[in-house]
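FYI, it's all coordinate maths here, none of it is from the lab. Bear in mind that the values here come from a model prediction, so they are computed numbers and not experimental data. Cβ: placed from backbone, ideal geometry, glycine included. Neighbour counts: every protein chain shown.
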Amino acid sequence: MKKLSVIVPAFNEAATLSVVLEKIRNVVLIDEMTCEVIVVDDCSTDATAAVFAAYRDAHPGFPLQYLRNETNQGKGYSIVRGIQQASGDYVIVQDADLEYDPEEYNLLLRPMALGQADVVYGSRFMGGSPHRILFFWHSLGNRFLTFISNMATNLNLTDMETGYKLFRRELIAGIRLVEKRFGFEPEVTAKISRVPGIRIYEVGISYYGRTYAEGKKINWRDGLKAIYCILYYNYIRR
């Protein structure tokens, strides 16, 4: 029986963490697949740790792990730490902020379960699923970053920056990832694109984006960093 490892990087997500965990717990995965959840707390200063502990105590049969970074390191660092701890056949990243819906895991898992894919990206820019209407420039920035990433990797992704990426565990565990913050997305895309024989799929997903007032953390500086990472990991440090 196959197993999915769900990595949940969390920084000051006390308001939504228990809701996300409950959504994950209620998902019925295809092919009777089982699930483990690894929460990586990036040195939160709110009640994230207490919320996790309360949820774990209320659901003793649900396979949950909790890791805490001693200092704030960034999302990329937390994801890599979760990958190192994962024991599933597949690994997916689940943000703790409710922007992505765990009910859609099976959309990403299906090409993998059929033996057709090694990596599956969930695209916010394809398909007919619901998308919250928010920021024009943020959307344009995501498309621009995807465009220049595609030029460098020779892939034809529609959403390189998506938070939903599903990997075969042995594949992603074998790739050395060094970006600690939001540079994770362009770095991992650059590096998987060079794996011989890699099979990358993309499926449409829904997106329930947050405003900055609601806790969204990425900003224009992260966009500049992403451009640097695209150039660096595709042309300089290959």
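Before moving on, here are some points about what is shown:
- Gaussian network model of the chain, springs between alpha carbon atoms under 10 Å - residue of Phe144, Phe136, Phe125 with greatest fluctuation: Phe136
- Between Asn156 and Leu114, the C-beta separation translates, for a Förster distance of 22 Å, into a calculated FRET efficiency of about 0.60.
- In nm, spacing of pseudo-spin labels at Met1 and Asp31 (7 Å Cα→C-beta vector): 1.4
- Using the Cβ-Cβ distance between Ala53 and Leu224 with R0 set to 25 Å, the FRET efficiency works out to roughly 0.10.
- Cross-link table Lys3/Lys165; Lys165/Lys225; Lys2/Lys180; Lys23/Lys191; Lys3/Lys180, entries beyond 24 Å C-alpha to C-alpha: Lys2/Lys180; Lys23/Lys191; Lys3/Lys180
- Among Asp57, Asp97, a tally of other beta-carbon atoms within 10 Å of each Cβ gives an order, fewest to most, of Asp57, Asp97.
- Theoretical ellipticity at 222 nm over the chain - DSSP helices of four or more residues, -39500 (n - 2.57) apiece, nearest 500: -11000 deg cm²/dmol
- Cα gyration tensor category, rounded, prolate or oblate, for region 44-83 with a/c compared to 1.5: oblate
- Of all beta bridges that DSSP places with both ends in region 3-236, some 20 percent have antiparallel geometry.
- Relative contact order for region 3-236: 24 percent, from Cα pairs under 8 Å spaced at least 6 residues apart, divided by residue count.
- Volume per residue of the C-alpha convex hull in the chain, rounded to whole Å³: 121
- Net charge, Ala50 excluded, C-beta distance under 14 Å - Lys, Arg +1, Asp, Glu -1: -2
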